[in-house]
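**Q** One structure is given below, represented as structure tokens, and several questions about it will come after.
The values are calculated or read from the model by the stated rules, or taken from the named source; none is laboratory data. If you're wondering where the values come from, they're calculated on a predicted model, not measured in any experiment. Cβ coordinates were reconstructed from backbone atoms using ideal geometry, including for glycine residues, and neighbour counts include every protein chain displayed.
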Amino acid sequence: MDENEKKKKRKRNRVVFFLLAGALAAAARPGMRFFEMLLAEGEATAAVSAKAAILCGLAAIVVLTVIAGILALVRWPVTGTAVLILLLTVFCGAAVYQSVQKMPPLPESTPGTPRPTVTPPQVQIVTVERENGNPETGTVFYRRYGNERGSVFVKNGSRSDICFRMYDRHGLLVLIFYVRAGDACTVSVPTGTYEFRCVTGGEWIDEEAYFGEHSHFRKLPESYVFYDGQQETIVLTEGLSEMKNIKKKDFEDLSGD
């Protein structure tokens, strides 16, 4: 084999290596977020992050193994490419091992102690006692979780008060809060993907009648994704053009659209 042929093979080795390494680096962060969202809709913990890293590493190993198999089937002329793929696989395996080491220990349990039964919270609308008119901005009527690690800043630039309902991607009601016309507030929310539906009006009656016959039901057209420690911003203008109108039954439908 002459020197020129060897240089060509080394060049092909480098190209394949950097393409695979770049692809893995680019997919690492979105892959972590995807697996975190898949593992925990309502919370983000150290255990969830470690599990997501493990799944990302295993997925990378599977992809590299498949690529190596394809190159072997087509009889790729550069044998050194297999060595480079093997090195990337070993690196991903080391990352998986480090993630396993960072997994928080499981809580200790006493032998013979029965496993506690977890009862999901009942969906109940809590009537808030108020004086002098409508509820204050930031009033929370219902909160499903108690360990929210994200937040949403809402600026209501319209002339109508707004009662927000937040639903997860499975149609589960998670949060209900109130923002007065021309006001703004920050509300803590759980991590996950959520949709905001709203009822707007002037004179608030209660959590079942809303604003009476003057109630208008709307929704934000896109869902919002909340990560641990992240804040999303919702700014609404005077005409509420950012929302689209919906029917009352869609506003109250717990099964989603």
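**Q** Would you be able to say whether some residue in region 180-187 is surrounded by 14 or more Cβ atoms within 10 Å (Cβ to Cβ), touching a Pro at 6+ places or on another chain (Cβ under 9 Å), part of a loop (DSSP other than H, G, I, E, B) and not hydrophobic (A, V, I, L, M, F, W, C)? Walk me through it before giving the result.
**A** Pass one, region 180-187, residues surrounded by 14 or more Cβ atoms within 10 Å (Cβ to Cβ): 180-185, 187.
Filter again for touching a Pro at 6+ places or on another chain (Cβ under 9 Å), leaving 180.
Keeping just the survivors that are part of a loop (DSSP other than H, G, I, E, B) gives 180.
Keeping just the survivors that are not hydrophobic (A, V, I, L, M, F, W, C) gives 180.
For region 180-187, residues surrounded by 14 or more Cβ atoms within 10 Å (Cβ to Cβ), touching a Pro at 6+ places or on another chain (Cβ under 9 Å), part of a loop (DSSP other than H, G, I, E, B) and not hydrophobic (A, V, I, L, M, F, W, C): present.
**Q** Right, another one. Applying the selection to region 204-257, what residues are of a type in the set (Gly, Ala, Ser), within 22 Å of Ser151 (Cβ to Cβ) and modelled with pLDDT of 90 or more?
**A** Selection gives Ser223 alone.
Listed here are the residues, each with its yes/no results for (1) within 26 Å of the chain's Cα centre (by Cα); (2) not aliphatic (A, V, I, L, M).
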{"position": "Gly150", "(1), (2)": "yes, yes"}
{"position": "Gly171", "(1), (2)": "yes, yes"}
{"position": "Asp183", "(1), (2)": "no, yes"}
{"position": "Glu203", "(1), (2)": "no, yes"}
{"position": "Glu207", "(1), (2)": "no, yes"}
{"position": "His216", "(1), (2)": "no, yes"}
{"position": "Ile234", "(1), (2)": "yes, no"}
{"position": "Ile246", "(1), (2)": "yes, no"}
{"position": "Glu252", "(1), (2)": "yes, yes"}
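**Q** Let me ask you something else. Yes or no: region 156-178 includes at least one residue that is at pLDDT below 85, of a type outside the set (Gly, Ala, Ser) and loosely packed, with under 15 Cβ neighbours inside 10 Å.
**A** no
**Q** Also, quick follow-up: Where residues in region 193-215 are in a strand (DSSP E or B) and out of contact with any strand residue (DSSP E or B) (no Cβ under 6 Å at 6 or more places or on another chain), which of them is farthest from Phe164 (Cα to Cα)?
**A** This residue is Asp206.
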